[in-house]
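**Q** Take a look at this one; I'll ask things after.
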Amino acid sequence: MSLFASVMAAVLASSTLGAPLGLGTERSEALYKAYSSALDQGFQAMGPGMQRALATYCQDGRSIDGYCNWAVQGAIIGSFLSGNYEDVLRYSDRYAAAKLAYLQSRREPLGACMAVYVSTVKPGTTSTLISWSSHVPSLNYLAQARLKRPATGSYYQAFYCARRAPNDLLDAYDPEHSSAPASDAELRVARRFEAEILRPMRTASEQMQAELVRTIQTDSTALSRNFLQTAVLYGNAYSACSRARFPANLCGYLSADRIEVEYYERQ
């Protein structure tokens, strides 16, 4: 899991999203059992079980209250892993609409990349055993390409979200041998952006992740310090992006992520 996903997972774990709120106790317990049962099928096979849970308890993915937030993310990633790209588009659109409404209601910022995440936990512990993390813009762009539909999103945004941290699920965006549809001009820009901006940022992120993992259990300030360091990292990357005269929207994604991280650092 990327550094940013690790940090956001910690935030979500302590927020109302991901907590069993918004559902009655019995319904919440039933939904959690349905979610866990789907997860037990394995990541590639969990999509249908997640979708049944969403249809029964979560307005078919239009609600992200409580454990619905986990189930819809599982449906998106499970559908992508199994090649059910229509379902990727269906549930990611519903998740994006619900998440945006939630953030707007709380006046919280939305960064450039709407993360989705699913994991299994080692029995009897809180340690993550296996996990997948990804981002809605990147998954949507690839899903449309696999369905041979014209892309409705931005290649630059999909590329940025896929490559800002190592992500095995999104190797298709590696600009050296990209299988994500892009023009020759976009690929040239992507290769230069990767080399000059993203690669140094990923190196620093990996060092910060190692420090966070090493200290988070014993240092109560580790998470807030990590948010601050991440905000500085994005701010420096934005400055470098602007100086190098990359397209404004590419630099803008860095700025949006800096604003999002700064918000959480202040909480």
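**Q** So what is the accessible area of segment 27-118 per residue, in Å², with the probe set to 1.4 Å?
**A** Working: 3930 Å² over 92 residues.
Roughly 43 Å² per residue, with all protein chains present.
**Q** Oh, and also: For helix 25-40, report the angle its Cα long axis makes with the longest principal axis of the Cα atoms of the chain; keep it between 0 and 90° and round to the nearest 10°.
**A** Rounded to the nearest ten degrees, it is 60.
**Q** So, one more: Quick one: angle between helix 184-193 and the longest Cα principal axis of the chain, in degrees between 0 and 90, rounded to 10, please.
**A** Long axis of 184-193 versus the principal axis of the chain: about 90 degrees.
**Q** So what's segment 179-267 giving for Rg/Rh, alpha carbon basis, Kirkwood Rh from the mean inverse pair distance?
**A** Numbers: Rg = 15.1 Å, Rh = 14.3 Å.
On the Cα set of segment 179-267, Rg over Rh gives 1.06.
**Q** Sort 46-55, 204-213 for me by packing, meaning the mean count of neighbouring Cβ atoms within 10 Å per residue, highest on top.
**A** Details: 46-55: 22.1, 204-213: 16.3.
The packing order, highest mean first, is 46-55, 204-213.
**Q** For the peptides 155-164, 224-233, what is the packing order when you average, over each peptide's residues, the other Cβ atoms within 10 Å and list the highest mean first?
**A** Numbers: 155-164: 25.0, 224-233: 18.9.
By packing density, highest mean first, the sequence is 155-164, 224-233.
**Q** Based on the alpha carbon coordinates of segment 82-202, what radius of gyration and maximum Cα-Cα distance (Dmax) apply, in Å?
**A** 15.7, 51
**Q** Could you pull the Rg and Dmax for segment 155-202, using just the Cα atoms, both in Å?
**A** 9.5, 25
**Q** Per residue, what accessible area does segment 133-267 have, given a 1.4 Å probe and all protein chains present, in Å²?
**A** Working: 6620 Å² over 135 residues.
Per residue, segment 133-267 has an accessible area of 49 Å².
**Q** Listed highest first by mean packing, meaning other Cβ atoms within 10 Å per residue, what order do 86-98, 64-76 come in? It would help to have the intermediate numbers written out before the result.
**A** Working: 86-98: 20.2, 64-76: 26.5.
Highest-to-lowest ranking by the protection proxy: 64-76, 86-98.
**Q** P(r) for the chain: what percent of alpha-carbon pairs falls in each 5 Å bin, starting at zero?
**A** Once binned at 5 Å, the Cα pair distances of the chain give 1, 6, 12, 17, 19, 17, 14, 9, 3, 1, 0, 0.
**Q** Carbon-plus-sulfur fraction of the accessible area of the chain, 1.4 Å probe, in percent?
**A** Details: 6470 of 12820 Å².
Within the chain, the accessible surface is 50 percent carbon and sulfur.
The values are calculated or read from the model by the stated rules, or taken from the named source; none is laboratory data. It should be emphasised that the depicted structure is a prediction, and the values quoted were computed from it without experimental measurement. A quick note on method: Cβ atoms are made from the backbone with ideal geometry, for glycine too, and the neighbour counts reach across all protein chains shown. Calculation scope for accessible area: heavy atoms of the full protein, side chains included, ligands and nucleic acids excluded. Shrake-Rupley method; radii C 1.70, N 1.55, O 1.52, S 1.80 Å.
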